[in-house]
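Have a look at the structure below, then the notes.
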Amino acid sequence: MVYSLATHPHHAHYPPPWFSIAPMMEWTDNHYRTLARLISKNAWLYTEMLAAETIVYQKDNLDRFLEYSPEQHPIVLQIGGNNLENLAKATELANPYKYDEINFNCGCPSPKVAGHGCFGVRLMLDPKFVAEAMSVIAAHTDVPVSVKCRIGVDDHDSYNELCDFIYKVSSQSPTSHFIIHSRKALLNGISPAENRSIPPLKYEYFYGLLRDFPDLRFTINGGINTVEEVNAARRAGAHGVMVGRAAFNKPWHTLGHVDTVVYGAPSSGVTRRQILEKFQVYGDTAVGKYGRKPTVRDVARPLIGLFHSEPGNSQWKRKADAAFLHCTTMKEFFDETLVAIPDYVLDKPIGEPPSGSEDPFANIHSLLPPAYESRELELQYA
């Protein structure tokens, strides 16, 4: 498969973003990304969404928000906002941290975000502003820029409206990469969690975009949980695939197969014990770095799904809950909790991925919406 993304000089020495981990508020923090990189060398990592305002107002305290270890490359900074001046300043302030791409959030349905006036997914209703924002971000950085959006908002959910958004943003700004969460967002009082499950997935919209915008790059997001499904989405034509909750809830089972199954690398043979030894070294430098924060609980939180469905898992979680109440170092935390997990589980490298899952994309090309046509009309009257 010819893959054009690596042609950007900045991306040349990284694996292509065939697999990325979604930006998730309060989940994809530095601690989680450290763990994710220990398990997969090739997955692209994203920060939690950072508001441009936060970066601007905390400019004397930026390490706390933007610092990460060099092992985390390739890593994308996701920013949100609706003020062009702050987006410009935030991009400039982030430049010294050398993120590999800057992504603009047009997909978050959180009332904390969407309620701040026009922010997050509401921006899909204003493609002209998104194009301006992307132009401003791109003008203040030398790394690639991308947009993460949904397929629609409330009753603005036709395929044609989605195409209008993509067309306007891509033709009026340097944006050529879109990450598409293949559900619409409902802003009428359902929670962010419900917004990840209630509106139906419409993968046919995503594959319609691939057909109708052959010069752009599209990454698919939403409802994809296994490396088999990742490869199925790519076989159907997706340039990249972004996985969210499965990568957080089951980091070993999901990320453990990325390098071999998605990227074709030989197995590293790494075990969970080896990963935890390295994580402990990181954790003990992280705990208490900013006074009382982060706590052992903050740092260890991404580990809770590491033994998903293994013997000892529920006992390990109970011990972890108890340990969080009094442990002050990661070493103490591990000494107290890992006794719940049998040695053979700790010392077993990742096995073969489970096979035989359904291919959600098998017939997708027969379900595509009618082709997008309104460009020609716009041009006639331009």
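A short reminder: the numbers here are calculations on the coordinates, not readings from a lab. Remember, predicted model here, so these are calculated numbers, not experimental data. Glycine gets a Cβ as well: all are built from the backbone with ideal geometry, and neighbour counts include every protein chain shown.
Net charge in the neighbourhood of residue 130 (other residues with Cβ under 12 Å of its Cβ; Lys, Arg +1, Asp, Glu -1) is +1. Each of 91, 329 was scored by other Cβ atoms within 10 Å of its Cβ. Arranged with the fewest first, they read 329, 91. Rounded to the nearest whole angstrom, the semi-axes of the ellipsoid equivalent to the stretch 229-382, taken from the Cα gyration tensor as √(5λ), stand at 42, 22, 14, largest first. When Rg and Dmax are taken over the Cα atoms of the chain, they come to 21.0, 72 Å. Looking at the stretch 118-240 alone, DSSP beta bridges between its own residues are antiparallel in about 10 percent of cases. For the stretch 115-179, report the % of Cα-Cα distances exceeding 20 Å. The share of Cα pairs beyond 20 Å in the stretch 115-179 comes to 23 percent. Restricted to Cα atoms, the stretch 272-346 shows a radius of gyration and a Dmax of 11.8, 38 angstrom.
Residues 271, 285 in ascending order of nearby Cβ atoms (within 10 Å, fewest first): 285, 271.
Once the Cα atoms are used to define both axes, helix 30-39 deviates from the longest principal axis of the chain by about 80 degrees.
Mean separation of Cα pairs under 8 Å and 6 or more residues apart, divided by the residue count, gives the chain a relative contact order of 16 percent.
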